[in-house]
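**Student:** Before I ask anything, let me first share the structure, which is written out below as C-alpha cells.
Coordinate-derived values only; no laboratory data. Since the structure is predicted, the reported quantities are computational estimates derived from the model, not experimental observations. Because the Cβ atoms are built from the backbone with ideal geometry, glycine has one as well, and the counts that use them run over all protein chains shown.
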Amino acid sequence: MFEAKFEDGGLFKKIVEAIKELVKNVNLEANGTGISLQAMDTSHVALVALQLNEKGFKKYRCEKSLTMGLSIENLQKILKCSGNDDQITLRTQDEEPTTLSFTFESKNRISEFQLNLMSLDQEQLGVPDTEYSSVVRMPSNEFTKICRELGNINEAIGIETSKEGIKFYVKGDIGEGQVSVKINDTEKPEERVECEVDEPVNLSFAVRYFNLFNKASALSSQVILSMSQDQPLVIEYIIEEMGSLKLYLAPKIND
Amino acid sequence: EEYQIYLNKYFPIV
C-alpha cells in the first residue's frame, strides 16, 4: 500500500502547474524514502527532476516501490476539483495499481477521485552528481523578470558568471543588451544574491525554456543556477521541508 | 531546435 498526504495540497498543485508545459506523461516513482519524478520534454533538451522526501509529508507509507504512469493533463483535471487550502492524499491499494486515488480534504468537504494510470515506457537518464563551477542564488522573481525582458530581444540568452556577480545578455537583430545582477547579503533571505564562482562560465540557452521553467517560481522565493562550461545548467527550486524541483537545460552551441 | 544539443549527449540513458 502507498499513501502520501500533503498537509498543504496547494503545494502539490503548484508543482504540477510548474511542470505541465514541459512534460506530458510522467512516471511518478514512490519508495520508502519518498516520491520522485524524472522526465524529459518532447524535444529532449530539458529535463524535469522532482524529489519529495517522505519526512515532508503529513503521513507517508510505501511498503513496496512502485511506478505510477500519469498524464499531467488528466492529473490537472482531477486537481482542479480541489481547493488551494485542501489537504491532499495520494493512495494506491494494489501492488500493481491501475488507478491512483486522491482525497481532497477541507474543513467541510471530503472529495474522492480515481485517476487511471498508464504504462509508460520512458527513458531514464543517469544525471551525475557533479560539482558545478559556478553556482548562483538569486530571487526567483528577478530571474523570471530578466528572462521575460531579454526574451523580447532574442530567443537565446547568454549567461556569464564572475566573482563580481552574474550577467545575462542578448544579441538580436534589433540590437543587444545586458543585465548584471550584483551580489548582496541583505538580511532578507528571499532578496539575497550569492555567487560561488570557482571557474567563470559563459553559456547560451534558449530563453523559451527558461520562461517555462519560471512557472516554478511559485515554489520558492529563491532560485539556484548551477553551471559548468559546456554542460547542461540546472535551475533548482527548493521546496521547503520537502525536497526540490530541478530543471536541466542543455546549452546552445555557438552559432 | 537546430543548434540545441540533446540532453542525451550529456546524460547516459540508464
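**Student:** Please compare each pair in A:Lys14/A:Lys80; A:Lys24/A:Lys59; A:Lys163/A:Lys252; A:Lys215/B:Lys9; A:Lys13/A:Lys58; A:Lys20/A:Lys215 to a cut-off of 18 Å on the Cα-Cα distance and tell me which ones are over it.
**Tutor:** On the way: A:Lys14/A:Lys80 12 Å; A:Lys24/A:Lys59 28 Å; A:Lys163/A:Lys252 24 Å; A:Lys215/B:Lys9 26 Å; A:Lys13/A:Lys58 16 Å; A:Lys20/A:Lys215 9 Å.
With Cα atoms farther than 18 Å apart: A:Lys24/A:Lys59; A:Lys163/A:Lys252; A:Lys215/B:Lys9.
**Student:** Highest first, please rank the peptides A:209-222, A:124-137 by the mean number of other Cβ atoms sitting within 10 Å of their residues. Mind dumping the intermediate values first?
**Tutor:** Values: A:209-222: 21.0, A:124-137: 15.4.
Most protected by this proxy first, the peptides run A:209-222, A:124-137.
**Student:** What does the C-alpha gyration tensor say about the overall shape of the stretch A:46-98? Classify as rounded when a/c is under 1.5, otherwise prolate if a/b is larger than b/c, or oblate.
**Tutor:** Here the stretch A:46-98 falls in the rounded category.
**Student:** Name the long-range amide H neighbours of A:Tyr132: under 5 Å, sequence gap of 5 or more, or other chain; modelled H, no Pro or chain starts.
**Tutor:** Distant-sequence amide H within range of A:Tyr132: zero hits.
**Student:** May I pose another question? Indicate the gyration tensor shape class of the stretch A:124-255 (rounded, prolate or oblate), computed on the Cα atoms with a ≥ b ≥ c the square roots of the eigenvalues: a/c under 1.5 is rounded; otherwise a/b larger than b/c is prolate and the rest oblate.
**Tutor:** On the way: a/c = 1.35, a/b = 1.20, b/c = 1.13.
It is rounded, given that a/c, with a ≥ b ≥ c, falls under 1.5.
**Student:** For the protein assembly as shown, what does the alpha-carbon gyration tensor say about shape, rounded, prolate or oblate, given a ≥ b ≥ c as the root eigenvalues, a/c under 1.5 as rounded, and a/b over b/c as prolate? All intermediate terms of the calculation are to be shown ahead of the outcome.
**Tutor:** Details: a/c = 2.06, a/b = 1.70, b/c = 1.21.
Prolate is the answer for the protein assembly as shown, as a/c is 1.5 or above and a/b outweighs b/c.
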